[in-house]
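Read through the structure below, which is laid out as structure tokens, and then see the notes.
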Amino acid sequence: MGMLLTAEAGAAAGGGMIMIIYIVIIVGFMYFFLIRPQKKEQKRMAAMLADMAVGDCVLTSSGFYGIVIDITDDTVIVEFGSNKNCRIPMQKSAISQIEKAETES
């Protein structure tokens, strides 16, 4: 009877170990396919916004193209179209893409 109980305890411990391995594999999968790419994208966006300068052409998250007129800590003033009176302040986070101003050399 004592051998039977020890065999059952060993089987239960082995099954528990396999469950822990499955959990570790699932967490690793989630990290490499969900969390890591999102952090890379956040770093790319932060670097892009830090590199923004006056005169750059930007695409807003709402789909409008404009030219950066002024930059403060967390806001940007963007001029839309050829009308010089259409200048709108917006958050930097509303910028989704930046095209650098062409430098004349």
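The values are calculated or read from the model by the stated rules, or taken from the named source; none is laboratory data. This is a predicted model, so every value here is computed, not measured. Note that each Cβ is placed from the backbone with ideal geometry, even for glycine, and that neighbours are counted across all protein chains shown. Remember, those area values only see protein heavy atoms, side chains included, never the ligands or the DNA or RNA. Shrake-Rupley method; radii C 1.70, N 1.55, O 1.52, S 1.80 Å.
Out of region 24-42, which residues are of a type in the set (A, V, I, L, M, F, W, C) and open to solvent by less than 80 Å² (accessible area, probe 1.4 Å)?
Going residue by residue through region 24-42, those that are of a type in the set (A, V, I, L, M, F, W, C) are 24-27, 29-30, 32-35.
Once the filter is applied, which keeps residues that are of a type in the set (A, V, I, L, M, F, W, C) and open to solvent by less than 80 Å² (accessible area, probe 1.4 Å), region 24-42 yields only Ile35.
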Flag for Met45 being open to solvent by less than 50 Å² (accessible area, probe 1.4 Å) and either part of a helix (DSSP H, G or I) or of a type in the set (A, V, I, L, M, F, W, C) (or both): yes
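Restricting attention to region 80-99, report how many residues are closer than 20 Å to Gln42 by Cα and open to solvent by 60 Å² or more (accessible area, probe 1.4 Å). If you could, list the steps in order and put the result at the bottom.
Going through region 80-99, the residues closer than 20 Å to Gln42 by Cα turn out to be 90-99.
In the following step, the residues that additionally are open to solvent by 60 Å² or more (accessible area, probe 1.4 Å) were identified as 91, 93, 97, 99.
Looking only at that region, the number is 4.
Looking at this structure, is Ile95 in contact (Cβ under 8 Å) with a residue 24 or more places away in the chain, touching a helix residue (DSSP H, G or I) at 6+ places or on another chain (Cβ under 9 Å) and among the β-branched types (Val, Ile, Thr)?
Taking the combined requirement at face value, the residue satisfies it.
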Of residues in region 36-69 being within 20 Å of Glu102 (Cβ to Cβ) and acidic (Asp, Glu), the one farthest from the chain's Cα centre (by Cα): Asp56
Qualifying residues in region 51-79 (those that are assigned to a loop (DSSP other than H, G, I, E, B) and charged (D, E, K, R)) - the one least open to solvent (accessible area, probe 1.4 Å): Asp56
